[in-house]
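First the structure, in the form of structure tokens, and then the observations on it.
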Amino acid sequence: MRIEKDTVVSLQYYKLSNLQGEIVDESTSPVSYLHGGYGGMFPAVEAALQGKEAGYALSIAMEPEETFGEYDSELLRIEPRNAFPENVEIGMQFEGGEENSEDIMIYTVTDVTDDIVVVDGNHPLAGMALQFECTVMAVRAATADEVSHGHVHGPHGHDH
């Protein structure tokens, strides 16, 4: 079966690396996603896999705008130290957002001093060009439930 809209694509593995070849993320087990613009995979990867079959190996370079976006310095915040728990440390993550907005963001602590805490709302890989590699393990038609929910159910997917 060929990969097309509303098929479930199972990847044997995937690897995401920076342009220096350092692995920044990789799967340790198979991963499945619903193909066709449901947000479960980078659009550039979906486009490259369109029409392919099980066994296809993909290696694609992607610019920041095709992955996690450009780095946005507006998402870097300096907050008062007393607004955080005593045990706050670099790497911790907190939810936050703008006043009068329902959008919730995840902020990562990047610096802590006696007076301030610096938090960054950018994805850790924002601004980076990345290399994505994967091998297609299987392709099957999505069920009506999967299409209506917009994600894969069962093995390598989401369980309700």
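The values are calculated or read from the model by the stated rules, or taken from the named source; none is laboratory data. Small disclaimer: the values here were computed from a predicted structure and weren't measured. Here the Cβ is made from the backbone with ideal geometry for all residues, glycine too, and neighbour counts use every protein chain on show.
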Original post:
Do you know which residues across segment 101-129 are assigned to a loop (DSSP other than H, G, I, E, B), of a type outside the set (S, T, N, Q) and within 24 Å of D25 (Cβ to Cβ)?
Top reply: I104, G121, H123, P124, L125, A126, G127, M128, A129
**OP:** Return the only residue of E53, E102, E70, E63 being under 30 Å from V147 (Cα atoms), within 19 Å of the chain's Cα centre (by Cα) and of a type in the set (D, E).
**Re:** E63
Original post:
modelled with pLDDT under 95, over 23 Å from S17 (Cα atoms) and touching a Lys or Arg at 6+ places or on another chain (Cβ under 9 Å): does that describe G96?
Top reply: yes
**OP:** Could you grab the pairs with beta carbons closer than 7 Å, sequence gap of 6+ or different chains, first residue in segment 143-154 and touching a residue at least 12 places away in the same chain (Cβ under 8 Å) and outside the structural domain of S32 (by TED's automatic domain parsing), second one buried (at least 17 other Cβ atoms within 10 Å of the Cβ) and among the hydrophobic types (A, V, I, L, M, F, W, C)?
**Re:** E146/V8; E146/L34; E146/V152; G150/L34; H151/L34; V152/V8; V152/L34
Subject >> Residues being in a loop (DSSP other than H, G, I, E, B) and of a type in the set (G, A, S) - total across segment 1-44 >> reply: 7
Original post:
Among the residues of segment 75-85, is there at least one that is under 19 Å from the mean Cα position of the chain (by Cα) and in contact (Cβ under 8 Å) with a residue 40 or more places away in the chain?
Top reply: yes
**OP:** Collect the residues in segment 15-50 that are surrounded by fewer than 15 Cβ atoms within 10 Å (Cβ to Cβ), closer than 19 Å to H123 by Cβ and hydrophobic (A, V, I, L, M, F, W, C), keeping them in residue-number order.
**Re:** L19, I23, V24
